[in-house]
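The values are calculated or read from the model by the stated rules, or taken from the named source; none is laboratory data. Small disclaimer: the values here were computed from a predicted structure and weren't measured. Cβ: placed from backbone, ideal geometry, glycine included. Neighbour counts: every protein chain shown.
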Amino acid sequence: MDERERGRRRLESGSLRGSRRPARLAHRAKGRSAAAVPGFVAASDARRRMLRGVRGVSAAWAAVVLVDVVLIRAHVLEDTYTGISTLTGAVAGPLLLGIHRGWAGRPSLGVRDGRHLLSARTLTGVRTLDLDGLVGVRRFETIQRTGGYLDEFRLHDRQGVRLTATNERAVNAALRRALAPTASLRARNGVPTVRITRHARTALGIAPRSRVPRAVHRFWGLLMTTAATGVPALAGYLAACVLAGTGILGRPAH
């Protein structure tokens, strides 16, 4: 009787484990389906990576400036040798701007849970922007070194994700679809009103459009691109001069 009882219990425990296995597999499959679809990243992850990138670049910038100052004060470098800090600022400035704005490669469009999404790889990894939750659309144009022109949208959704996408046909059409609902309809559905610049409206065919000539927008973009490099370079130079006790023109401060 004891052996039969033990055998019956083994069969029952085996059948119970067998019935639990499909449940565990189904739970794992459900978890995988609830996770981020490949190519799409949650807003919280995108913001965390962005902050991590900003902190990393800022810390590296500050560290290089401090090393430059220490070498100058130790007379390893001359008093006027602040080019390291200047060059570091010229590199760190565009990197910080690119991380914040979400400079990206070729974007991909998709739909998930009825939401239209725009995803692209940035300097800090893939970011996914909710086109149905846009709160800001800007357009940026500038002159490239190769002689061509850069035309892109700078987007911002209500979850705090920022992404820059080239003004290409697919992206333009997706933005038009997302911006089609009127302000009253958005307010009724609880969706924030989108702030769209007139320059962006011109590209999307939405009134009112910008009356400023396109060449002026491109020239302004060139100035902004130059400032993104020049201002941080000047900041790095001034910081090194002040901390090293060197005058702005290279003469020792008294």
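Screening the candidates Ser58, Ser85 for the property of being under 24 Å from the mean Cα position of the chain (by Cα), surrounded by 13 or more Cβ atoms within 10 Å (Cβ to Cβ), among the polar types (S, T, N, Q) and at pLDDT 90 or above yields one hit, Ser58. Here is the figure for region 198-230: residues that are part of a helix (DSSP H, G or I) and farther than 30 Å from Val91 by Cβ total 6.
Let's see how each residue does on (1) farther than 19 Å from Gly56 by Cβ; (2) of a type in the set (Lys, Arg); (3) surrounded by fewer than 19 Cβ atoms within 10 Å (Cβ to Cβ); (4) touching a Cys at 6+ places or on another chain (Cβ under 7 Å):
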residue: Pro107; (1), (2), (3), (4): yes, no, no, no
residue: Arg121; (1), (2), (3), (4): no, yes, yes, no
residue: Leu131; (1), (2), (3), (4): yes, no, no, no
residue: Leu155; (1), (2), (3), (4): yes, no, no, no
residue: Glu168; (1), (2), (3), (4): yes, no, yes, no
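Name, by its number, the condition in (1) closer than 28 Å to Ala63 by Cβ; (2) surrounded by fewer than 16 Cβ atoms within 10 Å (Cβ to Cβ); (3) at pLDDT below 95 that does not hold for Arg177. So Arg177 meets the others, but not (1).
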